[in-house]
1. At a Förster distance of 41 Å, what's the computed FRET efficiency of Glu31 paired with Ser184, Cβ-Cβ distance as r, to 0.05?
2. Counting DSSP beta bridges in region 63-288, what percent are antiparallel, to the nearest 5?
3. Under a point-charge model restricted to the Cβ atoms of Lys and Arg (+1) and Asp and Glu (-1), what is the dipole moment magnitude of region 243-400 relative to its Cα centre, in debye to the nearest 20?
4. Could you list which residues have their amide H under 5 Å from that of Thr199, counting only those 5 or more apart in sequence or on another chain, with H placed in the peptide plane?
5. Region 174-328: D in µm²/s via Stokes-Einstein (Kirkwood Rh, Cα pairs, 10 °C, 1.306 mPa s)?
6. Using the crude model of +1 on Lys and Arg Cβ and -1 on Asp and Glu Cβ, and no other charge, please compute the dipole size for the chain relative to its Cα centre, in debye to 20.
7. Mean residue ellipticity at 222 nm from the helices of the chain, using -39,500 (n - 2.57) per DSSP H segment of n ≥ 4 over the full residue count, to the nearest 500 deg cm²/dmol?
8. Please tell me the relative contact order of region 161-259 in percent, rounded to the nearest whole number, where contacts are Cα pairs under 8 Å and at least six residues apart.
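The values are calculated or read from the model by the stated rules, or taken from the named source; none is laboratory data. Everything numeric in this text was worked out from a predicted model, so none of it was measured. Cβ coordinates were reconstructed from backbone atoms using ideal geometry, including for glycine residues, and neighbour counts include every protein chain displayed. Ligands, DNA and RNA are stripped out before the accessible areas are found, and what is left, the full protein with its side chains, is counted by its heavy atoms. Shrake-Rupley method; radii C 1.70, N 1.55, O 1.52, S 1.80 Å.
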Amino acid sequence: MQYDFTARVNRRGVGAFKWDEMLSENPSVPEGVVPLSVADMELENPPEVRRALHDLIDAGPLGYTGATDRFTSACIDWQVRRHGWRPEADWIVTTPGVVPAVFCAVSQLTEPGDAVIIQPPVYYPFKRAVESAGRGLIENPLKEVGGRYEMDFDDLAEKAARPEAKMLILCSPHNPVGRVWEISELRRLIEICVANGVTIVSDEIHNDLIMPGNAHTTIASVMSPEEMKSLVVCTAPSKTFNLAGIQASVIYVPDAEFRARFKAGFEKLSLGGLNAFAYTATTAAYEQCEGWLSQLIDLVWTNFSRLVDWVAQSHPELDVAELQGTYLAWVDFRSWDLRDEELKAFMREEALLWLDEGDLFGEEGSGFERFNLACPTDVLEAALARLDEAAPRRGFGKNC
Ligand SMILES: Cc1ncc(COP(=O)(O)O)c(C=O)c1O
């Protein structure tokens, strides 16, 4: 089946985070300007998911609802088919989002006085999770080597050996730099963490959004049962199928004792399962939407190529990080030599572009912008055209 990824969606006035932010900053933003910030899609959901949700409402009533065997099988079969590993059914903990799972892991699986390692520039709630739990923060920044981001293993080995280091939050694939970690990289990280008794929380929410020529490796698939004793793997259908508002995440915690400690964080707030829509949407997505996903990946890849071509033709002074995974492009504007606030003001006020500014992801992201490519291609092209108009007025670009 051919899906339509060209239709514009109208998200004004429905509480969509990125639209509300744009419209509150500039209530008279012209029709047709679409924000490219927060990581959800300017695209319709897969029709199969919409149909399943309609059917659920028609069948009613929407009483207390828990996981069915079919839901569990859909989650496991997806991991087997798409990622080549088979988690056990009882490893699953459902949570109303990956961010709540990360927050819970930090507070439940570390103790006061412990510290948690993150790898900036990285998805900013990781730092917030550590700070809100009152744990120490240890940063192991990624390094740029010949235009690509890599982990700094020497630095990691030194920091993981500190007695207070007890957990590492891995972003795999990495938001915002777009890396899909190779098995050799994952194994080096595992060896360092295991040798130092550092728990790994692997946030794999972007695991299905893998660009041509790359393959995602679920960290659990390259760990021994012994190594998996203190492991949390976070997955969800939310990024893959644009279901963030459904708040459904599927977390795999292989070790029973570790899982009980993790779950206790939700249990003490009496937060058990998901909502009725979450089970149905997740099951439909995982059972029926592989075709939609493969066309989505084509779209993201097309959009990324447009962005790369635009940089080559109009703005060779910028650099675009290689997109291996996620639908988020990481663009280096440091050659413009603007302070972060100036770059943000230029984007929003002069180019009418709402992106995520790089410094949101840590000081390593200063001077960068993150473009959300999960939109119809003409939306991206219109955004680049606005940049083309605004940039020369400031003397930026090839023709200046
Ligand atoms: C790495 C990463 N983890 C988690 C999330 C959000 O998770 P959730 O909406 O399930 O809380 C995002 C959203 O962009 C993300 O990029």
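1. About 0.25, to the nearest 0.05.
2. 40
3. Using Cβ point charges on Lys, Arg, Asp and Glu, region 243-400 gives about 460 debye.
4. The list, which skips near neighbours in sequence, is Met167, Leu168.
5. Once the numbers are plugged in, D ends up at 90 µm²/s.
6. The calculated dipole for the chain is roughly 660 debye.
7. It comes out at -12000 deg cm²/dmol, rounded to the nearest 500.
8. Over region 161-259, the number comes to 25 percent.
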